[in-house]
1. Take the range 70-102 and flag every residue that is among the aromatic types (Phe, Trp, Tyr), open to solvent by 20 Å² or more (accessible area, probe 1.4 Å) and either under 18 Å from residue 262 (Cβ atoms) or touching a Gly at 6+ places or on another chain (Cβ under 8 Å) (or both).
2. What pairs can you find where one residue is in the range 365-383 and acidic (Asp, Glu), the other is surrounded by fewer than 20 Cβ atoms within 10 Å (Cβ to Cβ) and modelled with pLDDT under 75, and their Cβ atoms are less than 9 Å apart, with a gap of 6+ or different chains?
3. Is at least one residue of the range 364-377 aromatic (Phe, Trp, Tyr), open to solvent by less than 30 Å² (accessible area, probe 1.4 Å), part of a loop (DSSP other than H, G, I, E, B) and closer than 26 Å to residue 203 by Cα?
4. Could you list, in sequence order, all residues of the range 232-264 that are part of a loop (DSSP other than H, G, I, E, B), farther than 15 Å from residue 296 by Cα and not hydroxyl-bearing (Ser, Thr, Tyr)?
5. Does any residue of the range 110-128 turn out to be within 23 Å of the chain's Cα centre (by Cα), not hydroxyl-bearing (Ser, Thr, Tyr) and not in a loop (DSSP other than H, G, I, E, B)?
6. Which pairs do you get when a residue that is under 18 Å from residue 106 (Cβ atoms), found in the range 314-341, comes within reach of a residue that is charged (D, E, K, R) and modelled with pLDDT under 90, reach meaning Cβ atoms under 6 angstrom, with the pair 6+ apart or on two chains?
7. If residue 319 satisfies all but one of (1) open to solvent by 70 Å² or more (accessible area, probe 1.4 Å); (2) more than 30 Å from residue 92 (Cβ to Cβ), what's the number of the condition it fails?
8. Between 52, 119, 73, 62, which is in contact with a strand residue (DSSP E or B) (Cβ under 7 Å, 6 or more places away or on another chain) and farther than 22 Å from residue 373 by Cβ?
Amino acid sequence: APEMNKFERRIQKLQRLAQERVHWPALDRDVLGLQPRLWMEVLDKKHRHAALLYEYWRRWQLSNTRDNFFNWLDVGQGSMIDLPMAPRRLLEEWRVIYLTREEQPAFRVVIEESTGRFLWEADGSPVTIPAPVLFPAPPSSADPSPSDVVPAPDAAPSATPSPSPICRNGDLVPPALLDPSVMPRFQAAEDATAREAQVAALFIGPLELSCRRDQMLADAREEVERALERDEPPSRDRMADVAAPLIEEGLLCQLRDPYYEDRLDAAATPDGHAHLRAMQQLPDTLLPNADWSDFLKAIDHDQGSFMRTPFPQGVERAEGKGIFVLDSHGVLYCGTKVRGVFHHSSFVRGHCVKVAGGLTIVDGWLRTLSPHSGHYQPGQEHVDDMIDDWKGKGVDFRQVELKPYVKNKT
C-alpha cells in the first residue's frame, strides 16, 4: 500500500541517519561502523558497556570539569557518582569482551556449500545458538576434569576448587580472600568440546563476579525483609553487620554518601559543588539516620531495579540471544549474547562490519534471522545482500523465519 511504502521509506531514512557508514575506496563500497555514541566503549581501556558509559558521559558534559571524561569517571569527582539508570556496580562489572586474534577462531563459522549447513570453523561441528555459555558447577565437586574450564590455574590444588580470581573495585582479588560458600561457580558443560571449553573460559571471571554479588544482594534483602517482619529496630550495629560484606564490594553507595542526591545533578556554578570537592572518597560507614527502608532502596539500586531495562539475575546471566556479525572481509562470527559482557562489538573489537544481527541455528540449520543490532544498525539492503550470498552457498530460506526489519514492541 502507498501509505506503508511511505512509512518504510521514512524508517529507512531514519535508519540511514543513525548508521555510521565508512566508505572503503579499495572496494568502492560502504561498511558499517559502530554507532558514534558507542565509540566510547572502544576508547575505554576497560571496554565498559557503552550504554552505561553514555549515561555518565551525559553527566560529565554538565560538570564543567577540567578533567577528560575517563579521568573524571575513574579518579575524579565522577568516580563517586552512582546513577540510578546506570548503577556504578554494573559500570564496573560490565566490561565487554573484545576477542583477540587468538580467540576469534573459536567463534568463526563457515557454511558447508554442499548442504547450506553452518559449522564451527575450529572443529567442523554443527552450530547451535543460542546456547548457555556456562553451566553451574556442582557445589561440592572434586577437582575439575580436563574437559572442564580451570578457573584458577595457579591456585593450589584442594578438595574444594578455589573460586576464580576476580575484580573487586577494579583490582584482582586472590581466591583465598573470597568465601566459597557464597561464590557461585561455573564451568563448561561436562561433555564440552575443546572449542566450547575455550569459549566458556572467557566468561567464567565476569559471570562469577556478577552472580556472587547478585547472591550477596539477595541474601542481604532477605535479611532486611526478615528484620522488617519482626519490627526489629534499625540499630547502627545491626545494619552495619548486614552491610559490611556489600560495602567491601563497593556497593550500597547511597547508604554511605551524604551527598548522593547532590552528585546526580551538576552544580549551576562553574566550579561545581564545593562540599563535593572536599570529599576525596566515599566513607565506608552507613549514614547515621539510615533505616531498613533506605537499605532496601539501596539494594534495589544495586540490583538495577531503576534501569530502563532490568537485567537477568544469577545463572540466567549466562543465557542470551544468538548474535552474528559478517566482518568487513566477509568472515562470519556467531555466538550467544551475554548482556554487558558479550555483544556484536566483541567479535571484531569494535571494527567495521558488513552486517550484524541475530539468528537461531539448531544443529547447523538456520531457523531464524533478525536484522537488529544496536551497535551497528544494519539496513535492509545489507541483510538482503547477505541473504543472497547465503542462498548461493546452499542455505534453504524456505525453512527460515525472517524477523521484521521494524521491531514489534507489543
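The values are calculated or read from the model by the stated rules, or taken from the named source; none is laboratory data. This is a predicted model, so every value here is computed, not measured. Cβ coordinates were reconstructed from backbone atoms using ideal geometry, including for glycine residues, and neighbour counts include every protein chain displayed. Note: areas computed on protein heavy atoms with side chains; ligands, DNA, RNA excluded. Shrake-Rupley method; radii C 1.70, N 1.55, O 1.52, S 1.80 Å.
1. Taking the range 70-102 first, the residues among the aromatic types (Phe, Trp, Tyr) are 70, 72, 94, 98.
If we keep only those that are open to solvent by 20 Å² or more (accessible area, probe 1.4 Å) too, we end up with 70, 98.
The one that is among the aromatic types (Phe, Trp, Tyr), open to solvent by 20 Å² or more (accessible area, probe 1.4 Å) and either under 18 Å from residue 262 (Cβ atoms) or touching a Gly at 6+ places or on another chain (Cβ under 8 Å) (or both): 98.
2. 381/12
3. Of all residues in the range 364-377, those aromatic (Phe, Trp, Tyr) come to 365, 376.
Okay, now just the ones that are also open to solvent by less than 30 Å² (accessible area, probe 1.4 Å), so 376.
This time we only want the ones that are part of a loop (DSSP other than H, G, I, E, B), so: 376.
Among the residues that remain, those that are also closer than 26 Å to residue 203 by Cα are: 376.
Yes.
4. Once the filter is applied, which keeps residues that are part of a loop (DSSP other than H, G, I, E, B), farther than 15 Å from residue 296 by Cα and not hydroxyl-bearing (Ser, Thr, Tyr), the range 232-264 yields 249, 250, 257, 258, 264.
5. The answer is no, given that none of the residues of the range 110-128 is within 23 Å of the chain's Cα centre (by Cα), not hydroxyl-bearing (Ser, Thr, Tyr) and not in a loop (DSSP other than H, G, I, E, B).
6. Filtered contacts from the range 314-341: 326/354.
7. All conditions are met except number (2).
8. Numbers: 52 fails: farther than 22 Å from residue 373 by Cβ; 73 fails: in contact with a strand residue (DSSP E or B) (Cβ under 7 Å, 6 or more places away or on another chain); 62 fails: in contact with a strand residue (DSSP E or B) (Cβ under 7 Å, 6 or more places away or on another chain).
Being in contact with a strand residue (DSSP E or B) (Cβ under 7 Å, 6 or more places away or on another chain) and farther than 22 Å from residue 373 by Cβ holds for just one of 52, 119, 73, 62, which is 119.
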